[in-house]
Each structure stands twice: as C-alpha cells, then as structure tokens.
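Since the structure comes first, as structure tokens, the remarks are kept for the end.
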C-alpha cells in the first residue's frame, strides 16, 4: 500500500511539472494510475516440489525452444527458497515448463499465474509459433 501511495505522489508531481498547478489537484487520478500499475504486474505461480533425496532429484525446467534430439530445449531453474517443510519452491512467470517430482514428469503452462497441464503437441506448436514470430 505504501508503494502505491508513493508512486501516486510521484505521478502527481510529474503532472505538476508538465501541466502546472498543485500535486493534490492531480492526486486522485494519479492514485488510480498507480493502482493500475500495481495490478498490471503479472502474477507468478508458486510450485512446490519435494526436497531431493539420495535416490531422486526433483527439478523444474523452462521450455525455451525445440531440440533436435530431446524434442524440447530446456533451461533448468534453481529453487527460489525452501518452505517450512523443506520442499523446494519455484516462482514461475507465464510460459511453458516441465517438472519431475520424483515419480513422474509433467509438462504444464502458467497462464496469468494459473497452472494448466498441457501435452507435448501443444507445447511444440506454441514453441514453433513463437520461433517463427521472432
């Protein structure tokens, strides 16, 4: 909340510099603009995986493109922190990912901070479309 108020005053003061007047005259609209900026920040999805054991290592990888041998190119991610139970926590932005939880691999997509399971065909189509648009 404090960041929103500080940002609103910054916007209001910038309006004074541009249009003249007093900052409090612009504050109402500046506050609306500051809230829109805060809400526009994309939500992140938090994925929790079991901690590594002697037998199994859990991981999360971002899908970055296609690979001639493995079909998908991956960038393996480091955990952001451990939760109170010792599990790995990953904060993920929108995009395609794969994880291994010690039992199975799963492809998924994060859309507006929400987890959506996807299949390999869906990922390949999206990655190929993205590479064509670049």
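Which angle between 0 and 90 degrees, to the nearest 10, do you get for helix 120-133 versus the longest principal axis of the chain when only C-alpha atoms count?
The angle comes out at about 50 degrees.
Suppose R0 equals 25 Å; then what is the FRET efficiency for residue 114 and residue 50 from their Cβ-Cβ distance, rounded to the nearest 0.05? Intermediate values should be presented prior to the final figure.
On the way: r = 22 Å, r/R0 = 0.89.
My answer for the efficiency is 0.65.
At 222 nm, what helix-only mean residue ellipticity would the chain give, in deg cm²/dmol to the nearest 500, using -39500 (n - 2.57) for each DSSP H run of four or more?
-12500 deg cm²/dmol
Does anyone have the angle between helix 2-19 and the longest principal axis of the chain? Alpha-carbon axes, 0 to 90°, nearest 10?
Result, in degrees: 50.
Just want to confirm a number: the relative contact order over the chain, from Cα pairs under 8 angstrom separated by 6+ residues, in percent.
Details: 202 pairs, mean separation 26.3, N = 134.
The value is 20 percent.
Checking a compactness column here: for the chain, what do you get for Rg(Cα) / (2.2 N^0.38 Å), N being the number of residues?
Values: Rg = 21.4 Å, N = 134, 2.2 N^0.38 = 14.1 Å.
In units of the 2.2 N^0.38 Å rule of thumb, it is 1.51.
Every read-out reported here was derived from the displayed coordinates using simple, explicitly stated rules and does not represent laboratory data. From a predicted model like this one, the values you see are computed outputs, not experimental measurements. In this analysis, Cβ positions are derived from the backbone assuming ideal geometry, glycine residues included, and neighbour counts consider all displayed protein chains.
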